[in-house]
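The values are calculated or read from the model by the stated rules, or taken from the named source; none is laboratory data. Being a predicted model, the structure only gives us computed values, none of them experimental. Note that we place each Cβ from the backbone using ideal geometry, even for glycine, and neighbour counts take in every protein chain shown. The protein model used for the area step is the full one, side chains on, heavy atoms only, and it has no ligands, DNA or RNA in it. Shrake-Rupley method; radii C 1.70, N 1.55, O 1.52, S 1.80 Å.
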Amino acid sequence: MNTRVNDEQVGGSLTDLAYLLLRDRLVMLEIKPGEPINEDRLRTEFNLGRTPIREALKRLEQERLVVAYPRRGTFATDVNISDLSHISEVRRTLEPLAAAAAAERATSQDRADLTELRSQLDTATPSGNNTELLRTDVSVHRAIYRCVHNPFLEDTLVSYDNLATRIWCVFLPRLSGMAGHVDEHGPLLTAVVEGDAEKASELATQHVVGFERAIRALI
């Protein structure tokens, strides 16, 4: 995988950079569940020292993306489908709250950025590549979370969306209608841009419920 640097990765510390690069590999299951984390290989790939990698792994362990065992090493956590109901319960509460808050609090620049993101969604041609569609889904969620302007809530939202995305990834080969799931973001972005908190909350709820329903249909 190419280590692509996005806007989220610019301007942070080396630990932040290591965290973001590692996090997205774990979320997209490019590091497989249960796979050992090879620190030496990551240091070479990321061109980073031992300390940023280890500090990043500590943070990722707190977010349930890796687990460390004494004398054994650090491993990517398993994806347990039994966690779906717990994750969905949290997201059904927080996602509508965040969407409404984003609609109310987004700055002029935030709204311009979301408008541009919506235009990209409108003009994109579905490629049939579920992995890329899922990356788009993640990027939209994170863009909305940033508009909440509450770092504690944003971190929590990102953490639970990451866990939900890992479950998506397990089922990607069997999922149909992924493009439709991503297309749901168009009206949601419109509601946030237009400051319609009630509509944004409603659409966010539908999106989260639809995610859980789609996964349960395959279990």
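Could you state, as a whole-number percent, how many of the C-alpha pairs of the range 84-210 are farther apart than 26 Å?
Details: 1183 of 8001 pairs.
Pairs farther apart than 26 Å: 15 percent.
In order along the range 210-218, the phi-based Karplus estimate (6.51 cos²θ - 1.76 cosθ + 1.60, θ = phi - 60°) of 3J(HN,Hα) comes to x, 4, 4, 5, 5, 5, 4, 5, 9 Hz; Gly and Pro are listed as x. When nucleic acids and ligands are ignored and a 1.4 Å probe is applied, S13 ends up with an accessible area of around 60 Å².
Comparing mean-square fluctuations of T156, T51, T74 from a GNM of the chain with C-alpha springs under 10 Å, the top value falls on T51. Centroid-to-centroid, using Cα positions, the range 24-68 and the range 135-197 are 23 Å apart.
So how do 176-184, 132-140, 41-49, 16-24 stack up, highest first, on mean other-Cβ count within 10 Å? Let's see the in-between values first.
Details: 176-184: 16.1, 132-140: 18.8, 41-49: 13.9, 16-24: 21.0.
Descending packing order for the listed peptides: 16-24, 132-140, 176-184, 41-49.
For Rg and Dmax of the Cα atoms in Å, the value calculated from this model appears in (i) 19.1, 70; (ii) 17.4, 54; (iii) 20.8, 73 under label (ii). Think of it as helices only: each DSSP H run of n ≥ 4 in the chain is worth -39500 (n - 2.57), and spread over all residues that comes to -21500 deg cm²/dmol at 222 nm. Between V66 and E61, T77, the built amide H atoms are under 5 Å apart, and every one of these is 5 or more places off in sequence or on another chain.
I'd like to compare 191-199, 112-120: which one has the highest average count of other Cβ atoms within 10 Å, and what's the full order after that?
On the way: 191-199: 18.6, 112-120: 15.7.
Order by mean packing, descending: 191-199, 112-120.
For the range 117-175, the convex hull drawn through the C-alpha positions has a volume of 67 cubic angstrom per residue.
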